[in-house]
Amino acid sequence: MTRRFIDLSIALDPEVVTDPPFMRPSIEYQTHDQTVAELQMFFPGVTAEQVPGGRGFAASETLTLSTHNGTHLDAPWHYHPTMNGGERAITIDEVPLDWCFRPGVKLDMRHFPDGHVVTADEMAAALDAIGHSLQPLDIVLINTAAGAALGGPDFLAKGCGIGYEATMYLTSRGVRVTGTDAWSWDAPFGHTARRVAETGDTSLIWEGHKAGRDIGYCHMEKMTNLEQLPDTGFTVSCFPVKIKGGSAGWIRAVAVL
């Protein structure tokens, strides 16, 4: 059987709008002829021309970035110090690998307006619409309107968010990893800020993230190409980079069909 791979990860690129200005990564590039000084620390006196190929030593990049830049997996520690009703929340280096290579489910929620907060009933309806009954450790991916806006000036304000009830709907059925092509699992902050100002209800802030206090789970953010996926019938690979005590880790998320 032929396998097909779909890349679900965005590139780390400071020139593409995927984060607020204060969060954007920076990359310093060095070409082969710019690293001769490093070469000479090991091989004194050797010139670029003397290296095999005669074009210098090695290309290299130095990055300054957050664990939440690019496509990444958030650990329960990111949301709150505790999970599962009081246990210490696990960090990204403690996330079970068994959670990160599982059957995927894609839910198309591009029809919801920007800032909409998905409810448990809407989550159930989306699953009913594709005829899927959740299984423990299914990886649920949410295709929002933000996917088509990636890199555009309005990306951060695009897409629906997943609320507390909808998140608990998933995790109470055994889901431990979810994902979205939006900047955040929750609704864009601008929309949430207006609702908080109107109601005075601060429990609306990051309500989908904060559901991890009750049942620990991970979610992927800033995914891409979700519109290319079928509803089911694929496997998601999303192993995070191990960062000791980290709240998140970068991933090369891939769907295998």
Got a sec? Which strands (runs of 3 or more DSSP E) wholly within region 48-130 have at least 2 residues that are of a type in the set (S, T, N, Q)? 60-64
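Here is a yes/no grid of residues against (1) in the same structural domain as Leu226 (by TED's automatic domain parsing); (2) surrounded by 12 or more Cβ atoms within 10 Å (Cβ to Cβ):
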| position | (1), (2) |
| --- | --- |
| Arg3 | no, no |
| Asp13 | no, yes |
| Thr18 | no, yes |
| Thr35 | no, yes |
| Gln40 | no, yes |
| Pro52 | no, no |
| Arg102 | yes, yes |
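Yes/no matrix, rows are residues, columns are (1) part of a loop (DSSP other than H, G, I, E, B); (2) modelled with pLDDT of 95 or more; (3) β-branched (Val, Ile, Thr); (4) touching a strand residue (DSSP E or B) at 6+ places or on another chain (Cβ under 8 Å):
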residue	(1), (2), (3), (4)
Tyr169	no, yes, no, no
Gly179	no, yes, no, yes
Gly190	no, yes, no, no
Ala193	no, yes, no, no
Val196	no, yes, yes, no
Met220	no, yes, no, yes
Glu227	no, yes, no, yes
Val236	no, yes, yes, yes
Lys244	yes, yes, no, no
Out of Val256, Val236, report the one residue that is buried (at least 18 other Cβ atoms within 10 Å of the Cβ) and either charged (D, E, K, R) or in contact (Cβ under 8 Å) with a residue 40 or more places away in the chain (or both). Val236
Test result for Val140, of a type outside the set (Lys, Arg) and part of a strand (DSSP E or B): yes
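The values are calculated or read from the model by the stated rules, or taken from the named source; none is laboratory data. Fair warning: this is a prediction, and the values are worked out from it, not measured in the lab. Because the Cβ atoms are built from the backbone with ideal geometry, glycine has one as well, and the counts that use them run over all protein chains shown.
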